[in-house]
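**Student:** The structure under discussion is supplied below as structure tokens; questions concerning it will follow.
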Amino acid sequence: MPGVAEAAAQLRAGGVVAFPTETVYGLGADAFNERAVARVFELKGRPRFDPLIVHVAETADVETVASAFPAEARRLAEAFWPGPLTLVLPKREAVPDLVTAGLGTVGVRRPGHETAQALIAAAQTPIAAPSANRFGRISPTTAQHVRAEFGDAVGVLDGGPCATGVESTVVSLTGEPVVLRLGGVAVEAIEAVLGRAVAVARPKQGGDEAEEGRASPGMLERHYAPGTRLVMVEDAAGLDPAGLGARVGLLALDAEPGGGWAAVEDLGGADDLAGAAARLFAAMRRLDEAGLDAIVAVRVPDRGLGRAINDRLRRASL
Ligand code: AMP
Ligand code: MG
């Protein structure tokens, strides 16, 4: 397992390294090294129409990849960086098209995790990094999850379990602010800082995935999926697990063992949706590994980080 200095040296030499952030573990490469970035796409099996987020050590480094940093973007950066917020801004020419999937924009984030900050600073270059999982699978929130995805193919910097546990909120600021992806910063918090309502882009229903991806990258409907069939319900009370198979698991707030469930993952109470988000992906992985016929996931309240949780559950159920 590499340390920060060794991992930074690997990145500088054009290598790919997995590292912790407060959202999920990332699979990083020097954002200005097209071959290294290509290796990230190859390792993940990620379609090239899905752009990578570029991670910077300091807010001032935004200017190395973005050609503009508008006032509202600065306000959000001041309020939420370092943290789980990605700003989509006009891109600089120097950023390879592969990173941005040919878009005229770049997604930039200054992560809050100390190890991520130390790594990016030591690498002395912005780091392009998607989540360190194979495309379409559950994002990793521990170093062990990354090893389960890639084995010895990539070195993993171990920074413990991710505190936020869902991916960053992505906000486009190339025009009117629009939330492109729900994530670790609540929409309500963004609206409070900007002092106005902010639209949330909806992933398109149906249609050709490649087309969809180009129009609205990363907003593919089918995503974040366990291998086991996942059924999303409003309420599990009165639901007979036997109706879905011999061994059925439950994923819910305040979930209790018994009731005919073969496995139960409790996400905690409704008063701590941030805690539930932090527990979500690890719980999904454990259920996926429990040899179940199906997983029943119960919708959480649609506020704060609950919106990101419901978004991931819904996509996992498709
Ligand atoms: P991840 O898979 O967690 O690395 O997240 C990357 C996601 O960030 C993509 O799938 C997009 O949804 C979003 N993203 C990154 N860069 C851009 C961009 N330039 N324009 C729009 N969305 C972006
Ligand atoms: Mg991902």
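The values are calculated or read from the model by the stated rules, or taken from the named source; none is laboratory data. All of these numbers come straight from a predicted model, not from anything done at the bench. So basically every Cβ, Gly included, is an ideal-geometry build from the backbone, and we count neighbours across all protein chains shown. With ligands, DNA and RNA removed, areas are computed over all heavy atoms of the protein, side chains included. Shrake-Rupley method; radii C 1.70, N 1.55, O 1.52, S 1.80 Å.
**Student:** With angles folded into 0 to 90 degrees, how steeply does helix 114-123 sit against the dominant principal axis of the chain? Use alpha carbons for both and round to 10.
**Tutor:** So the helix axis and the longest Cα principal axis differ by about 30 degrees.
**Student:** If the viscosity is 0.890 mPa s and the temperature 25 °C, what translational diffusion coefficient in µm²/s does Stokes-Einstein give for segment 230-316 when Rh comes from Kirkwood over Cα pairs?
**Tutor:** Answer from the Stokes-Einstein relation: 193 µm²/s.
**Student:** Under a point-charge model restricted to the Cβ atoms of Lys and Arg (+1) and Asp and Glu (-1), what is the dipole moment magnitude of the chain relative to its Cα centre, in debye to the nearest 20?
**Tutor:** 560 debye
**Student:** Keeping the other protein chains in place, figure out the carbon and sulfur percent of the accessible area of the chain, with a 1.4 Å probe.
**Tutor:** On the way: 6170 of 12610 Å².
With neighbouring chains kept in place, the figure for the chain is 49 percent.
**Student:** Highest GNM mean-square fluctuation, the chain, Cα pairs closer than 10 Å: which of A237, A255, A68?
**Tutor:** A237
**Student:** Put +1 on the Cβ of each Lys and Arg and -1 on the Cβ of each Asp and Glu in the chain; which of A163, A132, L250 then has its Cα farthest toward the positive end of the dipole?
**Tutor:** Looking along the dipole axis, the top candidate is A132.
**Student:** Remind me, relative contact order of the chain in percent, using alpha carbon pairs under 8 angstrom and six or more residues apart?
**Tutor:** Answer for the chain is 19 percent.
**Student:** Using modelled amide H (1.01 Å from N, peptide plane; none on Pro or chain starts), what sits under 5 Å from the amide H of V200, excluding residues fewer than 5 places away?
**Tutor:** Amide H neighbours of V200: V179.
**Student:** To the nearest Å, what is the center-to-center distance of segment 1-70 and segment 284-303, using C-alpha atoms only?
**Tutor:** About 30 Å separates the Cα centre of segment 1-70 from the one of segment 284-303.
**Student:** Loop sites only, by DSSP: take the GluC sites (Glu not before Pro) in the chain that have at most 12 other C-beta atoms within 10 Å and name the longest stretch containing none of them.
**Tutor:** The longest uninterrupted stretch comes out as 94-233.
**Student:** Additional query: Tabulate in residue order the Karplus-calculated ³J(HN,Hα) for segment 167-174, using 6.51 cos²θ - 1.76 cosθ + 1.60 with θ = phi - 60°, rounded to whole Hz; enter x for Gly and Pro.
**Tutor:** Each residue's phi maps through the Karplus curve to give 5, 5, 6, 9, 10, 7, 10, 7 Hz.
**Student:** Kirkwood hydrodynamic radius for segment 10-151: how many Å is it when counted over pairs of different Cα atoms?
**Tutor:** Numbers: mean 1/r = 0.0675 Å⁻¹.
14.8 Å is the Kirkwood radius here.
**Student:** Now for a separate question. Take the alpha-carbon positions of the chain, form their convex hull, and give its projected area averaged over all directions (one quarter of the hull surface) in nm².
**Tutor:** Numbers: hull surface 61.2 nm².
Average projection, Cα convex hull of the chain: 15.3 nm².
**Student:** If M284, M1 are ordered by their accessible area, calculated over protein heavy atoms with a 1.4 Å probe, which sequence runs from highest to lowest? Provide the component values of the computation, followed by the final result.
**Tutor:** Details: M284 0, M1 155 Å².
The most accessible residue leads, giving M1, M284.
**Student:** Leaving ligands, DNA and RNA out of it, rank K44, K91 by accessible area with a 1.4 Å probe, largest first.
**Tutor:** Sorted descending by solvent-accessible area, the residues read K91, K44.
**Student:** If you roll a 1.4 Å probe over the heavy atoms of the protein chains, what accessible area per residue do you get for the chain, in Å²? Let's see the in-between values first.
**Tutor:** Values: 12610 Å² over 318 residues.
Roughly 40 Å² per residue, with all protein chains present.
**Student:** Counting residues in segment 18-97 as N, plug N into 2.2 N^0.38 Å and put the Cα Rg over that result.
**Tutor:** 1.14
**Student:** So, one more: Taking Cα atoms, how many degrees apart are the long axis of helix 71-80 and the longest axis of the chain, rounded to 10 and kept between 0 and 90?
**Tutor:** Here the helix axis deviates by roughly 60 degrees.
**Student:** Going by amide H atoms built from the backbone, whose H comes under 5 Å of the H on T86, apart from near neighbours?
**Tutor:** Amide H to amide H, under 5 Å and 5 or more residues apart or across chains, T86 pairs with T169, V170, V171.
**Student:** Continuing with the same structure: If you fit an axis through the alpha-carbon atoms of helix 306-316 and take the longest principal axis of the Cα set of the chain, what angle between them do you get, 0 to 90°, nearest 10?
**Tutor:** For helix 306-316, the angle is close to 80 degrees.
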